[in-house]
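Inspection log for the structure reproduced underneath, given as structure tokens.
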Amino acid sequence: QDVDNAIKFMRSKSAGWKISNKKFGLIGGSAGGHLSLLYGHAYDSAAVVKTIISIAGPTDMTDTIFQHYAANYGIGYVFEALLGSTYQDNPQVYRDASPLYHAGTVPTFFLTGGYDTLVPPWQSYRMFDTLSLHGIVTDTTVFMNADHNIFGPNGVNQHQIYDEVMMWLNQHLGN
């Protein structure tokens, strides 16, 4: 609902801000990547999301290894608070909150760290594969020198990230 409200607000201000009210790109890191993916692929009833960029965003909340990683980071309780249940008590609500199971038609770009121990890279790979199999434009970059912080040691990846994100946005949203 927050993403929907933000898009509605920007659409209402589009004339004054001199932005399009018909095409938006969503970009988010980690939980923001998850929300961008879920909204863009499952809840964009106005069909204004034209591209999504997920930076280490979870795609499959039913992945027990991902849940284990989250517990190791001390954030497992967040899922229970957000979804109102544990996975064991209600696996369907976790599936419903998984962008992987709502893969739509929005071009999607994944950026992930090859050594991410919070959101393992296969989270991105699985959704990338699902989109690819359905002919949806998708791409991924894996930073093999990075963990959940894809910028890598001393921010070494920042210029590549900027260049790839800008290229993707220009390709899918125009200037």
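Within the stretch 93-101, not a single residue is basic (Lys, Arg), open to solvent by 30 Å² or more (accessible area, probe 1.4 Å) and either within 25 Å of residue 166 (Cα to Cα) or at pLDDT below 95 (or both). Looking only at residues of the stretch 30-51 that are part of a strand (DSSP E or B) and under 16 Å from residue 139 (Cα atoms), we find that the one that is farthest from the chain's Cα centre (by Cα) is 50. Which residues, taken from the stretch 107-135, are open to solvent by 10 Å² or more (accessible area, probe 1.4 Å) and among the hydroxyl-bearing types (Ser, Thr, Tyr)? If the condition is that a residue be open to solvent by 10 Å² or more (accessible area, probe 1.4 Å) and among the hydroxyl-bearing types (Ser, Thr, Tyr), then 115, 117, 125, 130, 132 are the ones that fit. Could you list, in sequence order, the residues of the stretch 87-140 that are outside any helix (DSSP H, G or I), over 25 Å from residue 170 (Cα atoms), polar (S, T, N, Q) and within 12 Å of the chain's Cα centre (by Cα)? Listed by number, the list holds a single entry, 98. For residue 54, the conditions (1) part of a loop (DSSP other than H, G, I, E, B); (2) under 22 Å from residue 149 (Cβ atoms); (3) of a type in the set (Gly, Ala, Ser); (4) open to solvent by less than 30 Å² (accessible area, probe 1.4 Å) all hold with the exception of (1). When the stretch 136-162 is limited to residues that are β-branched (Val, Ile, Thr) and surrounded by 20 or more Cβ atoms within 10 Å (Cβ to Cβ), the one that is farthest from residue 76 (Cα to Cα) turns out to be 138.
The values are calculated or read from the model by the stated rules, or taken from the named source; none is laboratory data. Not measured: the values here are computed from a predicted model. Using ideal geometry, Cβ is built from the backbone for each residue, glycine included, and neighbour counts are taken over all protein chains shown. For the accessible areas, the whole protein counts, side chains as well, though only heavy atoms, and no ligand, DNA or RNA atoms are used. Shrake-Rupley method; radii C 1.70, N 1.55, O 1.52, S 1.80 Å.
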